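What follows is a set of notes on a single structure, which appears directly below.
The values are calculated or read from the model by the stated rules, or taken from the named source; none is laboratory data. Just so we're clear, the structure is a prediction, and the values are computed from it rather than from any experiment. Don't worry about glycine lacking a Cβ; one is built from the backbone with ideal geometry, like all the others, and counts go over all protein chains shown.
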Amino acid sequence: MTTLLEMRGISKVFPGVRALDHVNLAVEAGEIHAICGENGAGKSTLMKVLSGVYPHGSYEGDIIYDGAPLTCRTIRDSENKGIIIIHQELALVPLLSIAENLFLGNEVAKNGIINWPNAYQKTEELLRKVGLVESPDTKVEKLGVGKQQLIEIAKALAKDVRLLILDEPTAALQENDSQKLLDLLLELKAQGITSILISHKLNEISRVADRITILRDGATVSTLTASEISEERIIRDMVGRDMAHRYPDRTPDIGKVLMEVTGWNAWHPDQKDRQMIRDVSFNVRKGEIVGIAGLMGTGRTELAMSLFGHSYGRNISGQVKIGGKLVDTSTVAKAIAAGLSYVTEDRKALGLVLEEPIVRNITLANLFGVSKRGVLDKRRETQVAERYRKAMAIRTPGVFQKVINLSGGNQQKVVLSKWLFTDPQVLILDEPTRGIDVGAKFEIYTIMNDLAAQGRGVVMISSEMPELLGMCDRIYVMNEGRIMGELTRAEASQERIMALILKSSASRDDFSNNSEKVA
């Protein structure tokens, strides 16, 4: 095979941080080359160097592309060479149509006038290539994340892509959409398009990658061929040690019921006839980790947000008891006062103030805890933040570092710290390990175990069934806004969870109780 790309001795320094340290990467034409590493290992930084986000001259080292030096000063320069990057946060305009998004900045025009019939024809051709059946004039906001990801790839194809870079493309996708995306990558490979895939999902890498380069602490650790790729080897090279167990050991000490939710209902905030949560009842005991399983769109997040301060929905009804007492969770402040906290699945948009420092983010949900007579005690605030920085092993030069500069795993620890400072009795974690590497996942799991050992209740919502099975004492299964069944740790398996998820509407009458056990 011919080498399409070589990155030689790439180093990149930010104030106080060496993000890349003489990284070497070679990508062959026509291959799918995966890049792995813990959060903060330098994967995205390396791709931003390649694509011109960090311009030539702002880093050390050389880039050879298609046999010639590559000196991109803007993203436009790299795109003109056929190098297209699709970031984890999709760059689509929700209120524009698919056709408008596909050719935004790359308009099908003559003499400054857009040729819409031609643009629509090309859009239809591109949508067929990526296997998306939608009208070109459909607004992007009407589409799910999986379809939006396909539009991003179609947008890349519209620019005559030769090297496609995908940064965590399946992080927010459910299993079916992820498989479709991976199949599309294999089809593009057959058409001669080279891809670089950044992913934390090791099973996906094993399925599609021809080779994999592993980074650790901003340096190249190894490059493996397909025959050498195994999850054990990848993990060892990523974290610098063997991980015999994916989940930390734990001996549960489960006590009395701590939180009990009964007859919970919530309706869609905008669609008046659409009920999102239907008569849901469940409980959490002291020292227990309870999982909620279900596909995306089955109501898991809607349930959590409607419980926590009625942050989602309308016409919300039902009862919540914490510690045996009926509590009011109708506002965020009342929910916190009752002993309930919620870690959102979208830490960047809803969980953090990215441009603020760590210290401000950690204390934000409990300013009374760092104030006296309504005046913020900055010394006390710094002490609290430092305590959590050490306890949660947040990797940062100091608590005055902006959160936006932290890796995903460390950002997640800041969100956890914020809610732990409210001293909750029950903590709801919505996709707590989404978009973070295997090493950081283990740290989050350990924190969850520690919380349970303190006698708190933990509710874990996750789309990854292996982590539900590995972490939870009980699992409730949701479908179409209902609890379809409950499984103990001994009963639970991926097959039983999927059987409950896919249970047809006609069979719901078989469940006389929302918490019916599956034998």
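Scanning region 453-473 for residues that are surrounded by fewer than 23 Cβ atoms within 10 Å (Cβ to Cβ) and more than 23 Å from K201 (Cβ to Cβ) yields A453, Q454, G455, D473. Selection within region 41-83: residues that are small (G, A, S) and at positive phi. The member of this set that is surrounded by the most Cβ atoms within 10 Å (Cβ to Cβ) is G42.
Residue-by-condition table, conditions (1) under 24 Å from N405 (Cα atoms); (2) in a helix (DSSP H, G or I):
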residue	(1), (2)
E6	no, no
V49	yes, yes
P55	yes, no
G61	yes, no
D77	no, yes
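Let's see how each residue does on (1) touching a residue at least 24 places away in the same chain (Cβ under 8 Å); (2) loosely packed, with under 14 Cβ neighbours inside 10 Å:
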position: T329; (1), (2): no, no
position: A333; (1), (2): yes, yes
position: A337; (1), (2): no, yes
position: T382; (1), (2): no, no
position: Q412; (1), (2): yes, no
position: S417; (1), (2): yes, no
position: Q425; (1), (2): yes, no
position: D430; (1), (2): yes, no
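Of the candidates I436, I447, I428, the single residue that is assigned to a helix (DSSP H, G or I) and under 26 Å from E168 (Cβ atoms) is I447.
Scanning region 123-170 for residues that are part of a helix (DSSP H, G or I) and either touching a residue at least 12 places away in the same chain (Cβ under 8 Å) or acidic (D, E) (or both) yields a total of 21.
The residue that is surrounded by the most Cβ atoms within 10 Å (Cβ to Cβ), among those in region 2-40 that are touching a Gly at 6+ places or on another chain (Cβ under 6 Å) and on the phi > 0 side of the Ramachandran plot, is G30.
Within the set V458, V477, V399, the sole residue that is touching a Pro at 6+ places or on another chain (Cβ under 9 Å) and outside any helix (DSSP H, G or I) turns out to be V399.
Residues of region 227-240 that are of a type in the set (K, R) and either at pLDDT 90 or above or under 23 Å from the mean Cα position of the chain (by Cα) (or both): R236 alone. Picking from residues in region 428-453 that are of a type in the set (D, E, K, R) and farther than 22 Å from R300 by Cα, the one that is farthest from the chain's Cα centre (by Cα) is D450.
Of all residues in region 54-74, exactly one satisfies the criterion of being touching a helix residue (DSSP H, G or I) at 6+ places or on another chain (Cβ under 6 Å) and under 20 Å from T194 (Cβ atoms), namely C72. Of all the residues in region 402-425, those that are over 20 Å from S44 (Cβ atoms) and in a helix (DSSP H, G or I) number 5. Of the residues making up region 183-194, just one is surrounded by 20 or more Cβ atoms within 10 Å (Cβ to Cβ) and over 24 Å from P136 (Cβ atoms), namely T194.
Is region 241-261 home to any residue that is in a helix (DSSP H, G or I), small (G, A, S), over 24 Å from the mean Cα position of the chain (by Cα) and surrounded by fewer than 20 Cβ atoms within 10 Å (Cβ to Cβ)? No - not one qualifying residue is present in region 241-261. A single member of I153, I114 is surrounded by 21 or more Cβ atoms within 10 Å (Cβ to Cβ) and not assigned by TED's automatic domain parsing to the domain that holds R236, and it is I153.
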